[in-house]
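Enquirer: Can you keep this structure in mind? I'll have questions shortly.
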Amino acid sequence: MRFHLTTALIAATFCIAACNNAKSPDTVAKDVATAEQKASTEVANSENSAAKDLGGAAGKVDDKLIAFNNSAAKDAYDLAVAQADGDRKVALAKCESASGDAQKTCKDQAEASYNAAKANAKAAAQAEKQ
């Protein structure tokens, strides 16, 4: 038992001593060059992967931004048309106080104002859409 223990200790000492031996300058230079090449390749691969991921994410953000802007343009159009419709109803109600040709002219003006407001809202929405 003592023999095995002593042998094991001697073997361990040689292994430890061998691990601390210096390598030749040529071997070290080759090992360093290999490590630098591997590190450079890993960095390049990571950069390519990051660029791909960021490019994909940026595309998704752009798509969402376009959808948001288009939705905002539609909502602005709907709001402008609702406002124009309300204004037309108020104008038509006011036209009831007139009679004859004055009433007809008033109603025609209310309709013309409504149509112009709708056209302006449509033009603004088209300008905002992407």
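Read the figures in this text as sums done on the coordinates, not as results from a lab. What you are looking at is a predicted structure, and each value in this text was computed from that prediction instead of being measured. Cβ: placed from backbone, ideal geometry, glycine included. Neighbour counts: every protein chain shown.
Enquirer: Between SER97 and ALA76, what is the FRET efficiency for a Förster distance of 30 Å, r being their Cβ-Cβ separation, to the nearest 0.05? Mind dumping the intermediate values first?
Expert: On the way: r = 33 Å, r/R0 = 1.11.
Between SER97 and ALA76 the formula returns 0.35.
Enquirer: Please turn the phi angles of region 30-40 into ³J(HN,Hα) values with the Karplus equation 6.51 cos²θ - 1.76 cosθ + 1.60 (θ = phi - 60°), one per residue in order, whole Hz, x for glycine and proline.
Expert: For region 30-40, the Karplus curve yields 5, 4, 5, 4, 5, 5, 5, 5, 4, 5, 4 Hz.
Enquirer: When we measure straight from the Cα of LYS30, which lysines land under 17 angstrom away, once same-chain ones fewer than 8 places off are left out?
Expert: Straight-line reach from LYS30, under 17 Å: LYS38.
Enquirer: Which number comes out as Rg/Rh for region 46-130 once both Rg and the Kirkwood Rh are worked out on C-alpha atoms? Let's see the in-between values first.
Expert: Details: Rg = 22.5 Å, Rh = 15.9 Å.
Reported Rg/Rh, Kirkwood definition of Rh: 1.42.
Enquirer: Under the 0.36 nm per residue contour assumption, what length would be gained going from the current alpha-carbon distance of ASN48 and ALA29 to full extension?
Expert: 4.0 nm
Enquirer: Near LYS107, which lysines are there with a Cα under 17 Å away, not counting those fewer than 8 places off in the same chain?
Expert: By straight Cα distance, LYS107 reaches LYS89, LYS94, LYS118.
Enquirer: Just to confirm the filter: which GluC sites (Glu not before Pro) across region 46-116 are DSSP coil and have at most 14 other Cβ within 10 angstrom of their Cβ? Could the numbers behind the result be given before it?
Expert: On the way: sites: GLU47, GLU96, GLU111; in loops: GLU96.
Counting only loop positions with at most 14 other Cβ atoms within 10 Å, the GluC sites (Glu not before Pro) in region 46-116 are GLU96.
Enquirer: I've got another one for you. Under a cut-off of 12 Å between alpha-carbon atoms, report the aspartates and glutamates in cross-link reach of LYS129, not counting same-chain residues fewer than 8 places apart.
Expert: ASP75
Enquirer: How much net charge surrounds LYS104 when only other residues with a Cβ under 13 Å from its Cβ are counted (Lys, Arg +1; Asp, Glu -1)?
Expert: -3
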